[in-house]
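These notes concern the structure reproduced below.
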Amino acid sequence: MTTSRASAGDGISTYKGQERALRADRLGTGGLLLSVLAATAPLMVVAGVMPTTFAVMGIVGQPLLFVVLGVILILFSVGYAEMSRHVHNAGAFYAYISRGLGGTAGASAALVALVAYNALQVGIYGIFGFEVSGLFATYADLEIAWWIPALAAVAAVGALGWLKIDVNAKVLGVLLVIEVALVVIFDIAAVADPAKEGLSLHAFNPDTLTGAGVGTALCFCIAAFLGFEQAPVYAEETSRPHVLVPRVMFLAVGGVAVFFALSSWALTVATGPSAIVGESQTQSAGLLFGLTESRLGGTFTDVLHVLFVTGMFAAMVSFHNVVARYAFAMGREGLLPRAFGRTTGSSGAPGTGSLLQTAVSALVVIAFAVADDKPTGDPTEPVLHLFTWGGNIGALGVILLMAAASFSVVVFFVRRGAAGAQAWRLATSAVAGLALLVIAGYTVKDFDVLVGAGPDSSLSWLLPGIVGASVLVGLAQGLYLRSRSPEAHARIGLGNEAFQLEKAAQS
């Protein structure tokens, strides 16, 4: 860390200093791992993302894609985890990027992260409301609009956002463990009762990855991993971040890759590799539930429907926590109003950031609810658009952040004169960064496919344009701070370190 950046704490007030830092020692390995994995929403991926990828892309080798992506993300995690040993900041992505590529790039990354994680979180409210209203119609013979349970979830998630993070981790953990257990039971049942083709490993054959749809399938599948990269966001709230954060990241990436590869393979075994694409196109998100009902019975399938909903709720809570912490980090460093950079009362939670995310969620859900109230057209369009638009905007933003973070790792250690000692980590980071840029390119190129729009639809450039606009606005803010407030610009990415440096200088 250079002298100019070390002096960047001049503008941080020492009054009520504890409000400038998140509460430490809240999370251990288990709590951190559960908080991170909850965002992956395993049941939502198995029931929703996997059949959609089989149906839209027509690629049988989805299990192999999860293995390939697992390798890429482990390569990414090598440098990312090493960076986490040197930088502890709730604004993980933009803190890392600012340390490597400079404060202006960090300001841009901060806004991209805020927009991307907001989009991911808000998008889930659409499918959550749709599924809950379906449950009421099926089991209670009660018709309710999708936006009613969606807004109720906004309120519940917002309330949890004000609680201590260890309370959140317990809620997420219980839901996640049950969810994973049920999927594992299905996997075992599929293997025990395969289709007529038997226990075929055809889905792991590299020949299944030929065709024009492979790049787009990678875009679908990488979204299933999103959440593992959040571990450094909680670094300030762990007792030993230099140990726990890398450990949790590797456990998360490896566990998710194996779990999703095996579960998608189980789907091909249950239907037969030759039939998986056709069955997915016919049944869509109902594929998993149809397969469980025939093998495990109606009661198990009913429970699975409920856990499908609670899993989405867990993902919403997890993304909400991340958004609140990014807002906190940005407020602490002057990229958002100072009010966002203070924690709340005895809980130590970033309350103002939580309120911001809750308000954004409520406004977006209300806007789509108004769009739903129309005399003609498909009434499911607004809710499905909310889910697909938000999910893909968020995924594109996070993929770009991961690519930028990979390159920032290289620059960071080269500038510190540690290129030789860290050579193999820098090599893995560079390879991962290039691979992630390729996936981002496919995401932009095929955005119309990802959101179900026509090739000539304006959505193919308007929606990814939201991420592009975030990049440009963030860069403009960084350049403005550099010219008008160099102290604030130098503070970008330092987080609580800037406060600690000032405090030490005054003592």
* To do: Among the residues of region 22-65, write down those that are over 30 Å from Ser274 (Cβ atoms) and either modelled with pLDDT of 85 or more or assigned to a loop (DSSP other than H, G, I, E, B) (or both).
  => Leu22, Arg23, Ala24, Asp25, Arg26, Gly28, Ala39
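Tally up the residues in region 181-209 that are of a type in the set (Val, Ile, Thr) and modelled with pLDDT under 90, please.
Quick first cut of region 181-209, residues of a type in the set (Val, Ile, Thr) only: 183-185, 188, 191, 208.
This time we only want the ones that are modelled with pLDDT under 90, so: 208.
Of the residues in region 181-209, 1 are of a type in the set (Val, Ile, Thr) and modelled with pLDDT under 90.
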* Quick check: is even one residue across region 358-373 modelled with pLDDT under 95, more than 23 Å from Ala92 (Cα to Cα), open to solvent by less than 10 Å² (accessible area, probe 1.4 Å) and not aromatic (Phe, Trp, Tyr)? -> yes
* Positions within region 169-186 being more than 15 Å from Gly311 (Cβ to Cβ) and open to solvent by less than 20 Å² (accessible area, probe 1.4 Å), in sequence order -> Ala169
* Residues of region 85-102 being modelled with pLDDT of 80 or more and open to solvent by less than 10 Å² (accessible area, probe 1.4 Å), which ones? -> Phe93, Tyr94, Ala95, Tyr96, Ile97, Ser98, Gly100
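Residues that are open to solvent by 60 Å² or more (accessible area, probe 1.4 Å) and modelled with pLDDT under 80: list the helices (runs of 4 or more DSSP H) wholly contained in region 444-507 that include at least 2 such residues.
496-506
Looking at region 247-293, which of its residues are at positive phi and touching a helix residue (DSSP H, G or I) at 6+ places or on another chain (Cβ under 8 Å)? Outline the logic, then answer.
Kept after step one, since they are at positive phi, are these residues of region 247-293: 272, 284.
Within region 247-293, just Ser284 meets the criteria.
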* Asked: Of everything in region 434-443 that's touching a residue at least 60 places away in the same chain (Cβ under 8 Å) and open to solvent by less than 30 Å² (accessible area, probe 1.4 Å), which residue is nearest to Gly102 (Cα to Cα)?
  -> Leu436
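Can you tell me which of Val243, Val306, Val269 is free of Cβ contacts under 8 Å to residues at least 40 places away in the same chain and either touching a strand residue (DSSP E or B) at 6+ places or on another chain (Cβ under 9 Å) or of a type in the set (Val, Ile, Thr) (or both)?
Values: Val306 fails: free of Cβ contacts under 8 Å to residues at least 40 places away in the same chain; Val269 fails: free of Cβ contacts under 8 Å to residues at least 40 places away in the same chain.
Within the list Val243, Val306, Val269, the selection yields Val243.
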* Asked: Is there any pair linking a residue in region 84-97 that is in a loop (DSSP other than H, G, I, E, B) and charged (D, E, K, R) to one that is open to solvent by 10 Å² or more (accessible area, probe 1.4 Å) and modelled with pLDDT under 80, with Cβ under 7 Å and at least six apart or on different chains, and which?
  -> Arg85/His242
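Within the bounds of region 210-218, is there any residue that is free of Cβ contacts under 8 Å to residues at least 24 places away in the same chain, outside any helix (DSSP H, G or I) and open to solvent by 10 Å² or more (accessible area, probe 1.4 Å)?
Restricting attention to region 210-218, the residues satisfying the condition of being free of Cβ contacts under 8 Å to residues at least 24 places away in the same chain are 210, 212.
Those left that are additionally outside any helix (DSSP H, G or I): 210, 212.
If we keep only those that are open to solvent by 10 Å² or more (accessible area, probe 1.4 Å) as well, we get 210, 212.
Within region 210-218, one or more residues are free of Cβ contacts under 8 Å to residues at least 24 places away in the same chain, outside any helix (DSSP H, G or I) and open to solvent by 10 Å² or more (accessible area, probe 1.4 Å).
Does Val398 satisfy being modelled with pLDDT of 90 or more and either over 13 Å from the mean Cα position of the chain (by Cα) or over 16 Å from Ala145 (Cα atoms) (or both)?
On the way: modelled with pLDDT of 90 or more: yes; either over 13 Å from the mean Cα position of the chain (by Cα) or over 16 Å from Ala145 (Cα atoms) (or both): yes.
Against the criterion (modelled with pLDDT of 90 or more and either over 13 Å from the mean Cα position of the chain (by Cα) or over 16 Å from Ala145 (Cα atoms) (or both)), Val398 qualifies.
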* Asked: Can you name the residue in region 379-412 that is without any contact (Cβ under 8 Å) to a residue 60 or more places away in the chain and assigned to a helix (DSSP H, G or I) and is also most open to solvent (accessible area, probe 1.4 Å) among such residues?
  -> Glu381
* Among residues of region 181-209, those that are closer than 18 Å to Gly58 by Cβ and assigned to a helix (DSSP H, G or I), counted -> 7
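Determine which member of the set Val71, Val115 is among the aliphatic types (A, V, I, L, M), open to solvent by 20 Å² or more (accessible area, probe 1.4 Å) and closer than 19 Å to Ser406 by Cα.
Working: Val115 fails: closer than 19 Å to Ser406 by Cα.
Only one candidate passes the filter, namely Val71.
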* Asked: Can we say Gly106 is open to solvent by less than 20 Å² (accessible area, probe 1.4 Å) and not hydrophobic (A, V, I, L, M, F, W, C)?
  -> yes
* Matching residues in region 415-433 - criterion: being of a type in the set (A, V, I, L, M), part of a helix (DSSP H, G or I), surrounded by 14 or more Cβ atoms within 10 Å (Cβ to Cβ) and more than 19 Å from the chain's Cα centre (by Cα) -> Leu426, Ala427, Ala430, Val431
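For the condition in contact with a Lys or Arg (Cβ under 6 Å, 6 or more places away or on another chain) and either at pLDDT below 80 or open to solvent by less than 10 Å² (accessible area, probe 1.4 Å) (or both), what is the one hit in Glu82, Glu19?
Details: Glu82 fails: either at pLDDT below 80 or open to solvent by less than 10 Å² (accessible area, probe 1.4 Å) (or both).
One residue alone meets the criteria, Glu19.
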* Answer yes or no as to whether Ala327 is out of contact with any Phe, Trp or Tyr (no Cβ under 9 Å at 6 or more places or on another chain) and over 23 Å from Val191 (Cβ atoms). => no
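The values are calculated or read from the model by the stated rules, or taken from the named source; none is laboratory data. As the structure is a prediction and not an experimental result, all values here were calculated from the model. Here Cβ is always computed from backbone atoms with ideal geometry, including for glycine, and neighbour counts include all displayed protein chains. For accessibility, only protein heavy atoms count, side chains too; no ligands or nucleic acids. Shrake-Rupley method; radii C 1.70, N 1.55, O 1.52, S 1.80 Å.
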